[in-house]
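The values are calculated or read from the model by the stated rules, or taken from the named source; none is laboratory data. Every value quoted in this text rests on a predicted model; they were computed, and no experiment measured them. Note that we place each Cβ from the backbone using ideal geometry, even for glycine, and neighbour counts take in every protein chain shown.
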Amino acid sequence: MDRRLFLAGAMLASTGAIAQTAPPTRVRGTVAALEGNSLTVNSRDGQKLEIMLKDGFAVASVKKVELSSIEPNSFIGTATRTGADGKLTAIEVLVFPEALRGTGEGFYPWDLEPGSMMTNGTVKGAVTAASGRELTIGFKDSSNTVYVPPSAPVVTFAPATRDDLKPGAPVFVVATKDAEGKLGAARVTVGKDGVAPPM
């Protein structure tokens with residue numbers, strides 16, 4: 001596995017661990033400019049954010065995979081919304097490469113949409129529903145059952161380079177703030193070949 005891709009995935013997968021020290025700032029939007037190591041992003045909430053990327057920063061993209069390819073023992077992360085009945089429905093699913101198994105494991109708040117949650121864990125069971133699939137995901141000493149509708153994007157990591165950070169490209173960045181409030185990051189996940197980071 002490409003080391004840069006591994007690092008990019010590890011950064012995304014380990015947001016739960018990061019949160020224990022300093023709350024991450026998850027930036028979703030499109031590239032406005034990349035000058036040197038300074039990445040300017042037009043965020044989805046209308047802000048123009050400057051993120052200082054560390055030397056040798058890693059870049060990864062995502063590619064679509066079939067929902068049917070998710071089998072017991074796959075390690076996945078899925079952002080979900082909770083219905084009035086308490087059941088979890090997937091907004092998106094990320095299938096982690098084997099090298100990233102175990103990172104970010106757990107069930108915790110996510111900010112893809114108001115009230116969303118993230119489950120990172122190992123698929124214990126997969127049942128084909130009338131439409132979509134129902135996955136049982138085990139994490140630590142617990143598990144969640146998540147319904148994945150056909151409309152939910154299912155992706156895995158793929159290689160990318162600095163050259164893919166072109167103006168207009170969709171990006172997802174997990175950044176941290178320094179003492180002065182400036183954003184910094186070591187990795188960027190960028191949309192490529194028509195597939196935007198759904199997380």
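Of all residue pairs spaced 6 or more apart or on separate chains, those with beta-carbon atoms under 9 Å, a first member in the stretch 47-59 that is of a type outside the set (A, V, I, L, M, F, W, C) and a second member that is not in a strand (DSSP E or B) are Glu50/Lys182; Lys54/Asn37; Asp55/Asn37; Gly56/Arg4. The set of residues in the stretch 90-129 that are modelled with pLDDT of 95 or more, hydroxyl-bearing (Ser, Thr, Tyr) and not in a strand (DSSP E or B) contains only Ser116.
Within the stretch 115-135, being farther than 14 Å from Ser69 by Cβ, loosely packed, with under 15 Cβ neighbours inside 10 Å and of a type in the set (Val, Ile, Thr) holds for one residue alone: Val127. Within the stretch 33-46, the residues that satisfy the criterion of being buried (at least 16 other Cβ atoms within 10 Å of the Cβ) and in contact (Cβ under 8 Å) with a residue 60 or more places away in the chain are Leu34, Leu39, Val41. Summed over the stretch 94-124, the residues that are out of contact with any strand residue (DSSP E or B) (no Cβ under 6 Å at 6 or more places or on another chain), more than 18 Å from Ala152 (Cα to Cα) and among the small types (Gly, Ala, Ser) give a count of 2. A count restricted to the stretch 74-89 and to residues that are outside any loop (DSSP other than H, G, I, E, B), touching a residue at least 60 places away in the same chain (Cβ under 8 Å) and not aliphatic (A, V, I, L, M) stands at 4. Within this structure, Gly132 fails the test of being closer than 27 Å to Ser43 by Cβ, at pLDDT below 95 and not hydrophobic (A, V, I, L, M, F, W, C).
Of all the residues in the stretch 161-188, those that are in contact with a helix residue (DSSP H, G or I) (Cβ under 6 Å, 6 or more places away or on another chain) and of a type in the set (Val, Ile, Thr) number 1.
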